[in-house]
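The values are calculated or read from the model by the stated rules, or taken from the named source; none is laboratory data. Not measured: the values here are computed from a predicted model. Here the Cβ positions follow ideal geometry from the backbone for every residue, glycine too, while neighbour counts run over all protein chains shown.
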Amino acid sequence: MIPAAFDYTAPSTVDEAVRALVAGGEDAKAIAGGQSLLPVLRLRLAAPTLVVDLSRLTELAGVHDDGDSLLIGALTTHHEVQRDPHVREHAALLRLATDTVADPQIRHRGTLGGALAHADPAGDLLAPVLALDAVLRCTGPAGTREVPAAEFFTDYFTTALEPGELLTHVRVPKLTGWGARYEKFSRVAQAWSIVAVAAAVKVVDGVVEQARVALTNMGPTPVRARGVEEALTGEPATAEAIRAAAARAAEGTDPVTDGNADAEYRTHLARVLTERAVTAAVSDA
Amino acid sequence: MTAAVEPEVGRARRRKEDARLITGATRWTDNIRLPGMLHLAVLRSPVAHARITSVDTTEAVRLPGVLEVLTGADLAAEQGSLPCAWPITEDMLAPPAPSIAVDEVNFAGEVVAAVVARTPEEAQDALAAIDVDYEDLPVVLDLTAAVADGADLVHPDLGTNKSATWVFDSAEAGTGGDATAAIAEAEVVVERTFRQQRLIPAFMEPRSVVVDPGPDSATLWSATQVPHILRWMLSAVLGIPEHKLRVIAPDVGGGFGGKLQVTPEEVLTLLVARRLGKPVKWTESRTESMLSGHHGRDQLQRITVAARRDGTVTGLKVDLLADMGAYLRLITPGVPILGAFMYNAIYKFPAYRFTCTNVFTNKVPTDAYRGAGRPEATFAIERIMDELAAELGVDPLELRRRNWIRHDEFPFTTVAGLTYDTGDYEAATARAVELFGYDELRAEQARRRADHDTVQLGIGVSTYTEMCGLAPSRVLGALRYGAGGWEHAAIRVLPTGKVELITGTSPHGQGHVTAWSQIVADRLGVPFEDVEVLHGDTRVAHRGMDSYGSRSLAVGGTAVVLAADKVLAKARTVAAHLMECSPDDVEFTAGTFAVRGTATSMSLGEVVVAAHVAHNLPDGVEPGLDAEATFDPDNFSYPHGTHLCAVEVDTETGRVVIRSYVCVDDVGKVVNPMIVEGQVHGGLAQGIAQALFEEAVHDEGGTLTTATLADYLLPSAVDLPWFTTDRTETPADTNPLGVKGVGEAGTIASTPAVVNAVVDALRHLGVRDVEMPCTPMRVWKALRGGAA
Ligand SMILES: Cc1cc2nc3c(=O)[nH]c(=O)nc-3n(C[C@H](O)[C@H](O)[C@H](O)COP(=O)(O)OP(=O)(O)OC[C@H]3O[C@@H](n4cnc5c(N)ncnc54)[C@H](O)[C@@H]3O)c2cc1C
């Protein structure tokens, strides 16, 4: 498990990093925590000739309170997300999902930006970011732009990032006082999700005022369960209503069959886990 | 005088070796760096069955740092055939087993080319530049298909995929009645087919080999559990005079049988180092390890029990198909045969017939994996005992009670011909039932069933015994195994009274250094700290049969006792001479020799010095107190126990969660309870993993799709329950320590306990079996099938 040889550079500003990536062209790869990239390199599934280390871009670290939203630097580690008081208060869903990622060692190195840029359909942070209507700030040779999460994930391991472009920040609108739950189903604690459901609900006087539900690993990209959201909104937060809504969880999904589960079972799990996630989110609200 | 000292044996001593093993401050094979050392990397076949039409190395040899690129053709003349030490029948078919494929590959992962370079990185890069052309041949993967008429053949030259058929019949052997007749006449017959999935040993330290060819004799370091066997076999296979080859197993990080092997990579590293006259190292990656290290299990078991309505079993029949993989490695064919003696388990079955057909497939060879044959046997019998209990409507524990050997019936000769020396199944079971809260859990189960709870509770029972302490050499001979089963120990008493103990066992994580020190400390009355245990180097420990089959303590530990007794006997002679009395009048306690009934005494230290300086020894007594002993057991040892498992099955998702797990093992006398506890925990984890998590999966082309630890799921501590463990103690009669062996017990007993619990949780919903591993999806599908 020895990667092919590569050159290495560790720029200290976003501009320098973008320049290095542009200069390296197709053969250049950014590295953040390395928790997804290094396995890829070691298995020689990719062999970039230049690796651009982002770890010195201190401007991309940490969580900032920015009025109606939180601005989370792409280099913020999973561990920092878990510990951050702003995230806890205003984006509980993101914290709950981050709690389920891998193990403490990996969470101390892996970054939110890396997880989103890697865009593994089984990754646990994509669905929450989608459910939270986050906006992803990207900087490249053509300048800076903001991409809604719904447009960022385009296919298996593929995002809207252009060549030479970096993900710099994730803007997460505050959902203060909402109930949240990330219901992950995996075979062993450290494994990736077979299916998972991210749910956040605002309940007022026993009625679901707003609901956000998104699914992990039910297709090439995370899927927003709009049917479930629709069915829940305006309804009393009862077991029957939740069950009826959850029955719509698999609408618009396209699950794969792989070594862990076939599509039929994933479809079934999506419904069961949605019911559980929403039920837990409601009692958390 | 000396206060009564607490005996060492029985103490939960912290393991002497752990500080260095855990911190890594030791010489793992891959840590070895010799001056001028080169690096070997091997290219592996991506296809499972093909003719090699060309291997183009021209690009690769030109790359920087590359010294040599070798193909099968280059090494064909010298590589010989990898050894199989266990030809189970006279007419067993065994194809030649090359270390590097010459013109045909028979499994994905087989070596097809080798690169020697100055650095591991350069060697790895060069692999990518080698171009191999393959012409695909039909791939044989499925056991049943492999033995069907007209099947594609793994080795067309052999004309069949069947390597051998081995039969045991109690009527023919004179150990019991006719099982076929018993089944024909039975009031109740239950038959099931169980699948033992393929498992990967997944030891923590990957395999690694370093060879220093030396000017006139070679040294080979390997992460192996069998340095002595390895030296013997390498010299036999390669024609290297045995005295010109030294094999060292330094500290080794786990094996579980996976390092009980003579590997292609050991042969190749040795060949290449000798060819170039330079030290060479090969270390595998995790994926290589999973692709090419031997696998375990992989059997299809058809098992039939005949019984009376009262639950008395009248006959047992077992038909196995055992997957050998593409070649026969060291003991590949013998693994299912080790199980043959264990299907009758703890029971007094009157008639038994066992048939095993060993089958070739285009997969990596199988071989020993923790328990080797015995877990498979225990699984099948314990699963079907639960099925029979359900069929008869009796409690599964009660059914076992009606059939097991009672404690007052030992020694007991079984229908398979083994004589169990001691045991007390009643005591272990009673204790387990008490710790488990069996009746309360049954009541809760009834409640959940009545309430149609989405989470159902299941209770699994597993009683077991195993044959350990491998093995009486005569028995091995009768089974056509190519070596003996004795073990050797030597004790060197140094002039200052410190002791070096040399053992022929080869620990790779078990804690022999600590346990052997405890034994010697007690026997010789020296402090635990004063004993140094040496092992694993054929130049230091020149005789040994190494470590596997829960043999090290029962056989190797006994050799230690015998050697210590010889030291003492000689010391007594010397002491008597110096104290001018008869040796019969000398009493030895806690390191002191005293003349009975007098105040005259000498310490062991004084006797050691006297023996060493030899100024005044009795006539005919050689200087020094060193002694050695070799022990060949008359019988196996038979640990046993009762394991009880409660699972909760989420019927909506199919997920199985172990709620409680109780095991009461009887491993005889215990030298170090902490080590025993550790072995039990590790064994349980591995056995539970077979039940719920692990499976080597191949796609239809024969490629292993579980070749990383992200795909081959090993449970971690959070995936396992809190274990409640206890012991009963029925000392073995077959060795002076009274020990039985504990290395495999947990693995053997736990797998059926868990699967029985899963099926028990769902039986009322129509489920009668769930194939292993019981993944959530399989459980969910079984439920849907069952309820339909
Ligand atoms: C054993 C193991 C188990 C895991 N289990 C889980 C799990 O259960 N759930 C889960 O969600 N994840 C899991 N992960 C992945 C983990 O979450 C990673 O941290 C994450 O996927 C990648 O983050 P990183 O910072 O390490 O990215 P890297 O590995 O450094 O990079 C990943 C990819 O993103 C690109 N990239 C990184 N940062 C940026 C950026 N700012 N802009 C543009 N491109 C960028 C890189 O070029 C690369 O292609 C696991 C990882 C391991 C090793």
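Observations on the model:
- Counting only strands (runs of 3 or more DSSP E) that fall entirely inside the stretch B:608-666 and contain at least 3 residues that are under 30 Å from B:Lys781 (Cα atoms) and at pLDDT 95 or above, the qualifying elements are B:640-650, B:656-666.
- Qualifying residue in the stretch A:139-161 (condition: under 30 Å from A:Glu230 (Cβ atoms), of a type in the set (Val, Ile, Thr), touching a helix residue (DSSP H, G or I) at 6+ places or on another chain (Cβ under 6 Å) and more than 11 Å from the ligand (Cβ to nearest atom)): no
- Against the criterion of being closer than 30 Å to B:Leu230 by Cβ, surrounded by fewer than 21 Cβ atoms within 10 Å (Cβ to Cβ) and assigned by TED's automatic domain parsing to the domain that holds B:Asp733, B:Leu418 qualifies.
- Matching entry among A:Asp103, A:Asp53 (being within 10 Å of the ligand (Cβ to nearest atom) and under 17 Å from the mean Cα position of the chain (by Cα)): A:Asp103
- Listed by position, the strands (runs of 3 or more DSSP E) enclosed by the stretch B:114-221 that each have at least 3 residues that are under 30 Å from B:Ala478 (Cα atoms) and not acidic (Asp, Glu) are B:162-169, B:188-199.
- Counting the residues of the stretch A:124-137 that are in a strand (DSSP E or B) and either crowded, with 24+ Cβ neighbours inside 10 Å or within 14 Å of the ligand (Cβ to nearest atom) (or both) gives 2.
- One residue from A:Ala74, A:Ala92 being near the ligand (Cβ under 9 Å from one of its atoms) and either surrounded by 15 or more Cβ atoms within 10 Å (Cβ to Cβ) or within 14 Å of chain B (Cβ to nearest Cβ) (or both): A:Ala74
- Residue match in the stretch A:203-220 (condition: away from the ligand (no atom under 16 Å from the Cβ), within 14 Å of chain B (Cβ to nearest Cβ) and either crowded, with 24+ Cβ neighbours inside 10 Å or of a type in the set (A, V, I, L, M, F, W, C) (or both)): no
- At least 1 residues being under 30 Å from B:Val656 (Cβ atoms) and touching a residue at least 12 places away in the same chain (Cβ under 8 Å) is the threshold, and among the strands (runs of 3 or more DSSP E) wholly inside the stretch B:447-531 those reaching it are B:455-465.
- For B:Ala685: the one exception among (1) crowded, with 22+ Cβ neighbours inside 10 Å; (2) out of contact with any Cys (no Cβ under 7 Å at 6 or more places or on another chain); (3) more than 19 Å from B:Gln518 (Cβ to Cβ): (1)
- Residue in the stretch B:718-741 that is farther than 29 Å from B:Ala450 by Cβ, within 14 Å of chain A (Cβ to nearest Cβ), touching a residue at least 24 places away in the same chain (Cβ under 8 Å) and not in a strand (DSSP E or B) present: yes
- In the stretch B:193-205, residue farthest from B:Ile22 (Cα to Cα) [restricted to those that are surrounded by fewer than 21 Cβ atoms within 10 Å (Cβ to Cβ) and in contact with an Asp or Glu (Cβ under 6 Å, 6 or more places away or on another chain)]: B:Arg195
- Looking only at the stretch A:1-39, and only at residues there that are touching a helix residue (DSSP H, G or I) at 6+ places or on another chain (Cβ under 9 Å) and within 13 Å of another protein chain (Cβ to nearest Cβ), the one that is farthest from A:Ala142 (Cα to Cα): A:Met1
- Any hit, the stretch B:691-704, residues being touching a Lys or Arg at 6+ places or on another chain (Cβ under 6 Å) and either part of a helix (DSSP H, G or I) or more than 10 Å from chain A (Cβ to nearest Cβ) (or both): yes
- All positions within the stretch B:421-447 that are buried (at least 18 other Cβ atoms within 10 Å of the Cβ) and out of contact with any Phe, Trp or Tyr (no Cβ under 7 Å at 6 or more places or on another chain): B:Asp424, B:Ala428, B:Thr429, B:Arg431, B:Ala432, B:Phe436, B:Tyr438, B:Gln445
- One residue stands out in the stretch A:165-188 among those that are within 22 Å of B:Ala689 (Cα to Cα) and near the ligand (Cβ under 9 Å from one of its atoms): the one that is farthest from the other protein chains (Cβ to nearest Cβ), namely A:Lys184.
- Considering the stretch A:189-202, the residues that are under 18 Å from A:Ala280 (Cβ atoms) and within 16 Å of the ligand (Cβ to nearest atom) include one that is surrounded by the fewest Cβ atoms within 10 Å (Cβ to Cβ), namely A:Ser193.
- Count - residues of the stretch B:705-717 that are exposed (fewer than 15 other Cβ atoms within 10 Å of the Cβ), closer than 14 Å to B:Gly682 by Cα and away from the ligand (no atom under 12 Å from the Cβ): 1
- Against the numbered list (1) in a loop (DSSP other than H, G, I, E, B); (2) within 14 Å of another protein chain (Cβ to nearest Cβ); (3) without any contact (Cβ under 8 Å) to a residue 24 or more places away in the chain, A:Arg248 comes up short only at (2).
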